[in-house]
Amino acid sequence: MTVATPPYVSDALAEQAVDAVVIGGGAAGLNGALILARSRRSVVVIDSGSPRNAPAEAVHGLLALDGTPPSEILRRGREQVRQYGGRVVSGEVVSAESAAPSTDGDLRFTVTLADGRSITARRILVATGLTDVLPEVPGLAEHWGHSVVHCPYCHGWEVRDEPIGILATGPASINHAYLFRQLTEDLTYFTHGTDLDEDSRARFAARGIRIVDTPVTEVVNDADGALAGVRLADGQVVARRVLAVAAPMQARTKGLEGLGLEVQDLPKGRGFASGPAGTTEVPGVWVAGNVTDLVAQVGASAAAGALAGADINSTLATADTDAALQKIAEASPTAATR
């Protein structure tokens, strides 16, 4: 499920080749762009305008910015990138692929948008984030980010002491239950067709976690539209004010197939494989944030973007030096050997 951010004025897409194109305008992408722009690199951020945390009222667990609306953090981030000469362009990437290298042998990539515009870049940072794949339970998605939550660290304090239900999606939900038990004494675990071994059942019983094995058929609202509980297959309604769902997470890879990035199965979903500072096996392409680290919160994603941005700048500095040396050699073969 995705929700769009408030519209903003988009910068013009650069006509000439730029040092870096950042695909994704969330915390990871904007912080990567900020590092590059402050290093006097030409950088363009392509922002589709549908961040994962858009439904949430505030970002939590982020030092000095705890309680700030996600849209406000992004607004400030765009302003700061622009302050150093970076551009933020509203658009959806439909293809990104390698292009013919420059005359000095440096890498080149072509990124094309849905409206037909394209841009050439020396390096690419992919920070497209992920999508939460919610269970197909009627009424569940409409409460996502409010009364239906996924992260005890992002939302836990706000739902403390409420009657909470864990809507199980698989083995990851078991640990989810222990984390939310820290926040409330009224916790019910809906197995919803998933397996729950006897050891886990005993541990739940020891913590006072109720188990319901009858499948959930729909989310029930009260007269004001607030989440009131869940209806089971036998017709019974179990009152709950909050549902926690460890939804599988899928990296947003659409339009990026041409880059040839490796996608790997992770404990909680699928994401791009990466090495130190977001490097990939594809020369010239980095990844950062939830597209490779599925469980990273905003702060961790921003930090990953910064590391990737710095590494990109370092490789560009080396490439610039190589090109300068080559130019001297071509102009005067003997000068380069002195």
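The values are calculated or read from the model by the stated rules, or taken from the named source; none is laboratory data. Worth saying up front: this structure is predicted, and the values here are computed from it rather than measured. All Cβ positions, even for glycine, are placed from backbone atoms using ideal geometry, and neighbour counts span all protein chains on display. Ligands, DNA and RNA are stripped out before the accessible areas are found, and what is left, the full protein with its side chains, is counted by its heavy atoms. Shrake-Rupley method; radii C 1.70, N 1.55, O 1.52, S 1.80 Å.
A compact globular protein would have a Cα radius of gyration near 2.2 N^0.38 Å; the ratio found for segment 180-254 is 1.27. The slack in the chain from Glu330 to Ala12, taken as 0.36 nm per residue of separation less the alpha-carbon distance, amounts to 110.9 nm.
Ranking Ala296, Gly105, Val9 by Cα position along the charge dipole of the chain, where only Lys, Arg, Asp and Glu carry charges on their C-beta atoms, puts Gly105 farthest toward the positive end.
For segment 1-125, the relative contact order is 31 percent, taking Cα pairs closer than 8 Å that sit 6 or more residues apart in sequence and dividing their mean separation by the residue count. Of all the options Val126, Val287, Val59, the one that moves most in a Gaussian network model of the chain with Cα springs shorter than 10 angstrom is Val59. Picking from Ser95, Val43, Pro135, whose Cα lies most toward the positive end of the charge dipole for segment 40-138 (charges on Cβ: Lys, Arg +1; Asp, Glu -1)? Among Ser95, Val43, Pro135, the one farthest towards the positive end of the dipole of segment 40-138 is Val43. Just report the Cα centroid separation between segment 85-162 and segment 1-50, whole Å. Between the Cα centres of segment 85-162 and segment 1-50 lies a distance of 11 Å. Ordering Ile166, Ile73 by accessible surface, largest first, gives Ile73, Ile166; the 1.4 Å probe counts only protein heavy atoms, with every chain in place. The spacing between segment 179-238 and segment 273-312, judged by their C-alpha centroids, is 36 Å. All C-alpha to C-alpha distances of segment 1-115, sorted into 10 Å bins beginning at zero, yield P(r) values of 13, 42, 32, 10, 2 percent in whole numbers. Kirkwood analysis of the Cα pair distances in segment 211-269 returns a hydrodynamic radius of 14.8 Å.
Using Cβ point charges alone (K and R +1, D and E -1), the dipole size of the chain about the Cα centre works out to roughly 860 debye. Over segment 24-74, the alpha carbon radius of gyration divided by the compact-protein estimate 2.2 N^0.38 Å works out to 1.25. Excluding ligands, DNA and RNA, the accessible surface per residue across the chain is 47 Å² with a 1.4 Å probe. Comparing Ala58, Trp144, Thr315 along the charge dipole axis of the chain, the residue lying farthest to the positive side is Thr315, per the Cβ-charge model. The loop-placed trypsin sites (Lys or Arg not before Pro) in segment 38-71, going by DSSP, that have at most 11 neighbouring Cβ atoms within 10 Å of their Cβ come out as Arg40.
When the GluC sites (Glu not before Pro) in segment 206-302 are filtered for DSSP coil states and for at most 14 other beta-carbon atoms within 10 Å of their beta-carbon, the remaining sites are Glu262, Glu281.
Note on the chain: GNM, Cα springs under 10 Å; of Leu65, Leu125, Leu140, the largest mean-square fluctuation is that of Leu65. Considering only Val22, Val285, Val295, the Gaussian network model of the chain with Cα springs below 10 Å gives its largest mean-square fluctuation to Val295. Pairs of C-alpha atoms in segment 183-338 farther apart than 26 Å represent 57 percent of all such pairs. Legend: Rg and Dmax of segment 113-245, from Cα coordinates, 18.1, 60 Å. Dimensions of the chain from C-alpha coordinates, computed as largest minus smallest value along each principal axis and given longest first, are 85, 41, 37 Å. Spin-label model, Leu266/Asp195: points 7 Å from Cα along the beta carbon direction are separated by 2.5 nm.
When DSSP beta bridges are restricted to pairs lying wholly in the chain, around 45% turn out antiparallel.
Each Cα pair under 8 Å and six or more residues apart adds its sequence gap; the mean of these over the residue count of the chain is a relative contact order of 20 percent. Using Cβ point charges alone (K and R +1, D and E -1), the dipole size of segment 215-338 about the Cα centre works out to roughly 140 debye.
On the full set of protein chains, 1.4 Å probe, figure out the accessible area of Ser314 and give it in Å² to the nearest 10. Looks like 60 Å² after rounding. When you restrict to C-alpha pairs under 8 Å that are six or more residues apart and normalise by the size of segment 251-322, the relative contact order lands at 24 percent.
Once the gyration tensor of the Cα atoms in segment 110-152 is diagonalised, the equivalent ellipsoid follows with semi-axes of 35, 14, 8 Å, ordered largest first. Evaluated with a Cβ-only charge set (Lys, Arg +1; Asp, Glu -1), segment 111-224 carries a dipole of roughly 760 debye about its Cα centre, given to the nearest 20.
In plain terms, the chain from Trp157 to Asp115 could stretch by 10.9 nm, reckoned as 0.36 nm per residue minus the Cα-Cα distance.
Note on the chain: helix-only mean residue ellipticity at 222 nm, from DSSP H runs of 4+ residues weighted -39500 (n - 2.57) and normalised by residue number, equals -8000 deg cm²/dmol.
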